[in-house]
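K.L.:
What follows is a structure written as structure tokens; I'll ask about it next.
The values are calculated or read from the model by the stated rules, or taken from the named source; none is laboratory data. Given the structure is predicted, the values throughout are model-derived calculations rather than measurements. Here the Cβ positions follow ideal geometry from the backbone for every residue, glycine too, while neighbour counts run over all protein chains shown.
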Amino acid sequence: MSKYSLTITFQTLEELSDFVTLYNKMYNKAEEKKTVKTISDKRGSKTVNLHQKAKEYRALNPELSYRQCLIFVSKPEQEQQQPELIEVEQEPEQNKKSFEIYEDNLII
């Protein structure tokens, strides 16, 4: 286990007292923030709930993307409708033109 040391020298007892007072205020403020944050941190709680609902909805509808599920559960209940899946058809192979490269046509 390593040991560390910090030595601070002050010219007067008043400077030392001011430093200790300021340090204690900063330390207590940091501790207070940690305590407040862990006890009643409501920031982000809606987002956490939203993602949880999206995961549950995705488990019931695996054919949908996570993004679609997230959008669906984020809407108010009266606006929620089952998202429709759109199937995209690929072009048949015979419609594609062949492409050939000849050495004579290359620009160097």
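K.L.:
What is the number of the single condition among (1) among the acidic types (D, E); (2) at pLDDT below 90; (3) loosely packed, with under 10 Cβ neighbours inside 10 Å that E14 does not meet?
P.N.:
Unmet for E14, out of (1) among the acidic types (D, E); (2) at pLDDT below 90; (3) loosely packed, with under 10 Cβ neighbours inside 10 Å: (2).
K.L.:
Taking T9 as the residue in question, decide whether it is part of a loop (DSSP other than H, G, I, E, B), of a type in the set (S, T, Y), out of contact with any Cys (no Cβ under 7 Å at 6 or more places or on another chain) and at pLDDT 65 or above.
P.N.:
Yes, satisfied.
K.L.:
What is the residue count in the stretch 44-101 for residues that are at pLDDT below 85 and hydrophobic (A, V, I, L, M, F, W, C)?
P.N.:
Number satisfying all stated conditions: 6.
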